[in-house]
Amino acid sequence: MFNFDELANSLVQGDVSRAAELAEAGLNAGIPAIELLNKGLMEGIKVVGKRFRSGEIFLPEVLLSGEAMKAGMAVLKPVWLKEGVPSRGKVAIGTVEGDVHDIGKNIVLMMLEGNGWSVTDLGVDIPAEKFCSVVKETDLDILGLSALLTTTTPRLKEVIDALKAAGLRNKVKIMVGGVAVTQQYADEIGTDSYAANAVEAVDKAALLLK
């Protein structure tokens, strides 16, 4: 009998090879990919999130768990696409113009994808015009904007202003985050949500579509 707790624990321990191995074993045992995701990977990442929020673990451990999540997902995703598992929604995330940091953004991407979202990575150093074209041309639910530098934080407002000018602001929910961003600033520039970390981003994304 397959042990979902072992799969969950592989994420908690940040054991990349074990996560992939157990995901494969679960599929070979005839367990649906979505069940392995929900009862195994998701349960593990919930534990990681709780420990991170409580200060029991720190970013390096979260990164390892993210890699384990990614490894398990790589095994499961092709299968659940065939199974026709519905997406929770569409998200596109990019780092604003002038900023080439992507570690935090990439963790958020992995976490959202692991939670059943359809995610597009727009990359780094993205100008406001590019964000606007993505919103215009894509049926997005959420647009994520990341800024890691105090010098690039004003770019968040530029993107929102550009969306307003193009008549696109009401077409999408906007979530912002990054080391240099605060809840106060997010409120000032008129975002829909702010996330202090990747774990919070997953929770906030779900709330945005309620």
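Things to note:
- From ALA8, ALA25, residue being free of Cβ contacts under 8 Å to residues at least 40 places away in the same chain, over 23 Å from the mean Cα position of the chain (by Cα) and assigned to a helix (DSSP H, G or I): ALA25
Rundown of residues vs (1) at positive phi; (2) modelled with pLDDT of 90 or more, yes/no style:
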residue	(1), (2)
PHE52	no, no
LYS70	no, no
GLY89	yes, yes
GLY94	no, yes
GLU97	no, yes
ILE103	no, no
GLY114	no, no
ASP141	no, yes
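- Checklist (1) within 21 Å of GLU56 (Cβ to Cβ); (2) at pLDDT below 95 applied to SER10, failing item: (2)
- Subset of region 190-202 that is in a loop (DSSP other than H, G, I, E, B) and at pLDDT 95 or above - its residue that is surrounded by the most Cβ atoms within 10 Å (Cβ to Cβ): THR191
- Taken over region 1-21, the residue count meeting the criterion of being more than 14 Å from ILE31 (Cα to Cα), crowded, with 17+ Cβ neighbours inside 10 Å and not charged (D, E, K, R) is 9.
- Helices (runs of 4 or more DSSP H) wholly inside region 37-131 containing at least 1 residues that are surrounded by fewer than 22 Cβ atoms within 10 Å (Cβ to Cβ) and of a type in the set (Phe, Trp, Tyr): 42-53, 59-83
- Test: residue in region 164-174 that is under 27 Å from LEU59 (Cβ atoms), at pLDDT 95 or above and outside any helix (DSSP H, G or I): yes
- Pairs are defined by a Cβ separation below 8 Å, a sequence spacing of at least 6 or placement on different chains, a first member in region 63-74 that is under 10 Å from GLY114 (Cβ atoms), and a second member that is outside any helix (DSSP H, G or I) and of a type in the set (A, V, I, L, M); no pair meets this definition.
- Test for ASP187: is it loosely packed, with under 15 Cβ neighbours inside 10 Å, part of a helix (DSSP H, G or I), out of contact with any Leu (no Cβ under 8 Å at 6 or more places or on another chain) and at pLDDT 90 or above: yes
- The condition of being out of contact with any Asp or Glu (no Cβ under 6 Å at 6 or more places or on another chain) and closer than 30 Å to LEU36 by Cα holds for only one of GLU113, GLU158, GLU137, that being GLU113.
- Among the residues making up region 135-163, a single one is buried (at least 20 other Cβ atoms within 10 Å of the Cβ), touching a residue at least 60 places away in the same chain (Cβ under 8 Å) and farther than 20 Å from HIS101 by Cα: ILE142.
The values are calculated or read from the model by the stated rules, or taken from the named source; none is laboratory data. Just so you know, these numbers come straight off a predicted model, no measurement behind them. Cβ sites come from the backbone with ideal geometry, for glycine too, and all protein chains shown count toward neighbours.
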